[in-house]
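Right, one structure below, let's go through it.
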Amino acid sequence: MSTAAAHGAHADAHEHHHESFIRKYIFSTDHKMISRQFLITGIVMGVIGMMMSILFRLQLAWPDQKFAILEFFLGRWAKGGVLDANFYMALVTIHGTIMVFYVLTAGLSGTFSNLLIPLQCGARDMASPFLNMLSYWFFFLSSVVLCWSFFVETGPASAGWTVYPPLSALEKAMPGSGFGMTLWLVAIALFIVSALLGGVNYISTVLNMRTKGMSMNRLPLTIWAFFFTAILGLLSFPVLLGAALFLIFDRSFGTSFYLSDIWLNGVGALENVGGSPILYQHLFWFLGHPEVYIILMPALGITSEVIATNARKPIFGYTAMVISLMGISVLSFIVWGHHMFITGMNPFLGSVFMFLTLVIAVPSAVKVFNYLTTLWRGNIRFTPAMLFAIGLVSFFISGGLTGIYLGNAALDINLHDSYFVVAHFHLVMGSAAIFGMFSGIYHWFPKMFGRLMNNTLGYFHFWLTFIAAYLVFFPMHFMGLAGVPRRYYAFSVLPEFNVWLEVNQLITVAAIMAGFAQVLFLWNFFYSIYRGKKSGPNPWNSNTLEWSTPVEHIHGNWPGEIPTVYRGPYEYSREDREEDFYPQHIPGDDEGHGHGAPKTKTAPVHTEEAPAATGGNVLFSALKKVLGFSPR
Amino acid sequence: MKKMMFGWSGAKLLLWASLLLTSTLAPLSVFAQADPASDVIPAPKEFSLSTADLVYYAYWLLALLVLLVIVYIFNIGAASEKLTGRTVINWTKVNAWLSIIFLVAGSAGVAYELVYHGKLLLPEAASAHGDSIDNMFNWTFGFTFAVFVITEVLLFWFLFKYRHKEGRKAAYYFHNNQLEVIWTVIPAIVLTFLVLRGYSTWHKITQTPEPKAKQIEVFGYQFGWKARYAGDDNKFGESNFNFIDPATNELGLAIKPTVVALRDTLMADTGRLGNDLRNLSSMLKTKADQLAKMSLAADGKAYTDLEREMEDIRNGNKASELRKMIKRKGVQIQRINATLDSKDVFNEAANDDKITTEIHLVKGQPYTFRYRARDVIHSAYMPYFRAQMNVVPGMMTSFTFTPTKTTKQMQDELKNPEFNFYLFCAKICGSAHYNMKIKIVVESEAEYNAWIEKQKRVVDPVQPATPVAPAEAKDTTANPKTATNRNIKPSLAMGF
């Protein structure tokens, strides 16, 4: 196992030992390579997820139309060119699963946590590069298992991405609850292992491996966001693992955690009594709600960094930003019940969850106002990354505000499981997070691949996607307010909803437009990896530490000593400086007061001379730090 | 730059990619007809190009045009930049203006939505509590829409106003406690207001007892709904999922003869399954003979199905499946037997219950819908009444509301004589999730009384106890325990 110390020693002597192809590109322990692996797997899964959405959008817009070509690709799932109702459910389910877990959790947080935590903290690599590698490969395995479920006879899981039992627990309840469902559960279990390995690693790296002078209050907001995200994941994913295991038991070993009093068509009365389907929902949403912040917070962190860099201004209210991230993290654990207002849960609990849910709006509002003030009197450079960051803020506003409706138990009675919900979460965590991801990709592409992406294509990509996303999701609010339920294959028995057919067609066309825009992105991305314009070491004139590394990737990140940090990350446009930026590692007398941070009182946390010896030690001392005492 | 980044080859590739995508995704009756395998695909009724089709093509054309424009602008721009060395397009300016255009067009879009799609929204609530929900909605909308407009306008305005200019330096402005306190406190106050109001609305709807409420049971199953009225005694009969028989007792009511008949059927089934289990080897032989007479080419799926059945017998799957079924039915029989003597369960209250395929309500009368699910979670959604509640197997949920408009009134109000209230499923529940609704009729008391008179009682008062097999039923009621034991034992022995 290669350790951070070993990297350091080698790097000092500029010794580039030869690595086999497999060690370098496949089973790599280098965080930069792992981040690229996460990104590319995430993009592949994203393309799959998006194509699925276009398929079911076609069905919603032209339910009677025959698309002969679909039969060619999908066979019996689209007999005569009309999507099968079961397959429609499967598409909806797998689209959700892929987007939530594989693209926006692993693809976003996996990519950028891996890339930026060591680089922005000033570390040679992750606390445990080996666990890091395992984390990727568990994720990869999980993706393969999930895609495999498309090739089983009864089709992939199709009980919705939340896979509520009894529907998901009973093999005979629908075709998708057969072997496909088992594969879904296995895939999720593997995914959780990956997320936990990653999370442990991120936390210990942030706590223990920061360079000299990098006190917690000098961390870029990206790192803060990744840090809280990892904590959320570490505390909530195990609960989902438990939920999934119980479901596996119910499905395969005859237990009754979630089952009671069921008479199933084609089977008869089941033996199971005493369980509760609502238990599953509690367990699921105990992860499920933090999960939306696991998705969103890295995107918010990226946005903070990108906006400050490109507005050439210190981020406004650094401390407030950190505190609101912390507030969101804590609150996100105690609001899960707002997904369950009308499940028959005690209405008193509903009132409690309503109160807690609406409290989250306060830190979110603070974040938005701080973004706006950061832009105010800035000197805004329109890089594609900046545009996507602005897009995120816009979606965060419009999607976040509808959360105030859905968090209100009384309003949720009529909006629950309607298109209003679809519109809400697609804007606030779907579009917003994916825009954060794009922003990150455009911004750190030079760091990842040493080349620049094409700006012009980036602008087209942004504007087309931005407009299309609003065209897709904005009208859905109105459908929801008219009582149109989600996950409907067709409105044949409720013809009154056919007045929305025209709107559905508009949405589908916009969705296809968004699909086209992603072709521009994919072209730009893969072309630029090989043929893009070569980047300088600091193409955006940014302050943070990652831009002090050489353009070519080397083991251990810095050829010499790890630079010392002298000030906060957002010292842009200082009056006393000629240039409008002031990198963290450039020595200077003054501390800077960009975020009102006082002179650091703590000694440098981690230095070159005392490297972390093993992964185990690092984890142990991380634990010590979190607990605040030494167990000895 | 030595080589132009996206040369003509790049442009061509993009063009081809888009053409390919366009043609593959096109729906087209045209394509379907031209398909060589058209005998497999049912041919469309007739070929015609409707306006919708044309609009559809127009969309595609537009998308294609946009792409072409992109490719061209890009090429020309790149080429002339290379020739003259000057920037042709000032992207800062373009993006700044685009954000203003987006702001204006977006506002127009929002206005259009509010006016045009706003008309398609639900009409005024048809229930007493619905008004309070609508009221709550309006308050929330007022606040959030104001915030939405202000923040979005500021966002795009700042983008325009503070766009990059050469030689200008951004303000070094990082912190202002006062400001931050203000915009923490203001949202906090607004949200406190919304929470308090929301709490009182929620409390009023869900936690206020309605002593005069009449109960109606709504039963959800894959895929449909049934309603049950308590009948003349105003008391629902007991029900149990073990009593369910889709032919004679779909709600699983405690009606002794029916339940006894069900138990006997189950016992007969277990006996038959036990026989099957014993005779698996001869069954395999029969199937093998049958298979020998068939051919894959002629019988296709029937052939492969048979093959699979034989495989299941050989590898023991069939046997374990049979054992499971025997065990499951055995448990059900035991559970039925355990309740058969209970006077609390079989209290005759179910006899005058009425099971209906429509829900009829009297205007102004409060109702409590008590929900039961047979198999998976459903959700009973009635948007016009602003009512929704999940229907969960294993637990009873309920929702209380008072309808305030008759169906007739709604038809007049919406100028739609076809209008009807429906209760439909909003929780994903299987393949035909989208096919699950029950009609609700709100009417006057007289109309309701006329309708409910016509509904059949579960047990006919004139000829009581006439389920499927009366003779057998009589026999077994006499001595249920022994009957069970006699019939069940051999099969259970096989089962375990």
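Only counting other Cβ atoms within 10 Å, I'd like A:V393, A:V186 sorted with the fewest neighbours first. Mind showing how you got there, number by number?
Numbers: A:V393 25, A:V186 18.
Ordered from fewest to most neighbouring Cβ atoms within 10 Å, A:V393, A:V186 come out as A:V186, A:V393.
Chain A: Rg/Rh from Cα coordinates, Kirkwood Rh?
Expressed as Rg/Rh, it is 0.97.
Considering the zone a paramagnetic label at B:W97 would reach in this model (a point 7 Å from Cα along the Cα-to-Cβ line), which residues of segment A:432-457 have amide N under 18 Å from it?
A:456
Full-extension gain between B:D134 and B:K343, please, as 0.36 nm times their residue separation minus the C-alpha to C-alpha distance.
Details: separation 209, 0.36 × 209 = 75.24 nm, distance 4.69 nm.
This chain segment gains 70.5 nm when fully extended.
Given N residues in segment B:116-208, what is its alpha carbon radius of gyration divided by 2.2 N^0.38 Å?
Numbers: Rg = 20.2 Å, N = 93, 2.2 N^0.38 = 12.3 Å.
Compactness ratio reported: 1.64.
For peptide B:418-430, how many partner chain Cβ atoms fall within 10 Å of a residue's Cβ, on average?
Other-chain Cβ atoms within 10 Å of each residue's Cβ, averaged: 6.
Would you work out which of B:H433, B:N449, B:I359 lies farthest towards the positive end of the dipole of segment B:354-454? Charges go on Cβ: Lys and Arg +1, Asp and Glu -1.
B:H433
Out of B:L179, B:F145, B:Y162, whose Cα points farthest toward the positive end of the dipole of segment B:142-188 (charges: +1 Lys, Arg; -1 Asp, Glu; placed on Cβ)?
B:Y162
Report the net charge of residues surrounding B:K408, where surrounding means a beta-carbon distance below 10 angstrom and charges are Lys +1, Arg +1, Asp -1, Glu -1.
Every neighbour counted, the sum reads -2.
Would you mind checking which residues have amide H under 5 Å from B:A387's amide H? H placed 1.01 Å from N; only 5 or more apart, or other chain.
Amide H neighbours of B:A387: B:M382.
Residues of segment A:569-586 with amide nitrogen under 18 Å from the 7 Å Cα-to-Cβ point of B:R168?
Within reach of a label on B:R168: A:572-575, A:580-581.
For B:F401, A:F462, which order do you get if you count the other beta carbons within 10 Å of each Cβ and list the fewest first?
Taking fewest neighbouring Cβ atoms as first place, the list is B:F401, A:F462.
Please state the shape class of segment A:156-222: rounded when a/c is under 1.5, otherwise prolate if a/b exceeds b/c and oblate if not, all from the C-alpha gyration tensor.
The shape class here is prolate.
Going by how many other Cβ atoms sit within 10 Å of their own, how do B:V441, B:V459 line up, fewest first?
B:V441, B:V459
Kindly write out, for segment B:421-433 in residue order, the coupling ³J(HN,Hα) from the Karplus curve 6.51 cos²θ - 1.76 cosθ + 1.60 (θ = phi - 60°), rounded to whole Hz, with x marking Gly and Pro.
6, 10, 10, 9, 7, 10, 10, 3, 9, x, 4, 9, 3
Per-residue HN-Hα couplings for segment A:84-94, Karplus 6.51 cos²θ - 1.76 cosθ + 1.60 at θ = phi - 60°, whole Hz, x for Gly and Pro?
6, 4, 5, 5, 4, 4, 4, 4, 4, 5, 6
Looking only at other chains, what is the average number of their beta-carbon atoms within 10 angstrom of each beta-carbon in B:197-210?
Values: counts 2, 13, 9, 2, 5, 12, 6, 1, 4, 10, 5, 0, 0, 0.
Neighbouring Cβ atoms belonging to other protein chains average 5 per residue here.
What FRET efficiency do you get for B:L64 and A:L501 if R0 is 22 Å and r is their Cβ-Cβ distance, rounded to the nearest 0.05?
Rounded to the nearest 0.05, the efficiency is 0.35.
Among A:Y258, A:A433, A:W463, whose Cα lies farthest out toward the positive end of the dipole of chain A, if unit charges sit on the beta carbon of Lys, Arg (+1) and Asp, Glu (-1)?
Going by the Cα projections, it comes out as A:W463.
What nm value, rounded to one decimal, do you get for the distance between A:L141 and A:I586 when each label is placed 7 Å out toward the C-beta?
Distance between the two pseudo-spin positions: 4.8 nm.
Using a Förster distance of 51 Å, how high is the FRET efficiency between B:A108 and B:Y303, based on the Cβ-Cβ distance and rounded to 0.05?
Using R0 = 51 Å, I get an efficiency of 0.20.
Going by amide H atoms built from the backbone, whose H comes under 5 Å of the H on B:R163, apart from near neighbours?
Here the answer is A:I380, since their amide H atoms fall under 5 Å of that of B:R163.
Let me spell out the model: positive unit charges on the Cβ of Lys and Arg, negative unit charges on the Cβ of Asp and Glu, origin at the Cα centre of segment B:354-454. What dipole size does that give, in debye rounded to 20? Don't jump to the answer; show the numbers that get you there.
Working: 13 positive and 9 negative charges, 63 e Å.
For segment B:354-454, the charge dipole is close to 300 debye.
Cα gyration tensor of segment B:307-387, axes a ≥ b ≥ c as square roots of the eigenvalues: rounded (a/c below 1.5), prolate (a/b > b/c) or oblate? Kindly include the intermediate steps, with their values, before the conclusion.
Working: a/c = 4.06, a/b = 1.75, b/c = 2.33.
Here segment B:307-387 falls in the oblate category.
With r defined as the distance between the Cβ atoms of A:F27 and A:M51 and R0 fixed at 30 Å, what FRET efficiency is calculated, to the nearest 0.05? Please list the in-between numbers first.
On the way: r = 30 Å, r/R0 = 0.99.
The calculated FRET efficiency here is 0.50.
What value, in deg cm²/dmol to 500, does the helix sum -39500 (n - 2.57) over DSSP H runs of n ≥ 4 give at 222 nm once divided by the residues of chain A? Spell out each step's value before the answer.
Details: 18 runs with 358 residues, N = 632.
Value at 222 nm, helices only: -19500 deg cm²/dmol.
Per residue of A:476-487, how many C-beta atoms from partner chains lie within 10 Å of its own C-beta, taken as a mean?
Mean shielding count: 5.
Each reported figure results from applying straightforward, stated rules to the coordinates on display, with no laboratory input. From a predicted model like this one, the values you see are computed outputs, not experimental measurements. Positions of Cβ are backbone-derived with ideal geometry, glycine not excepted, and every protein chain shown enters the neighbour counts.
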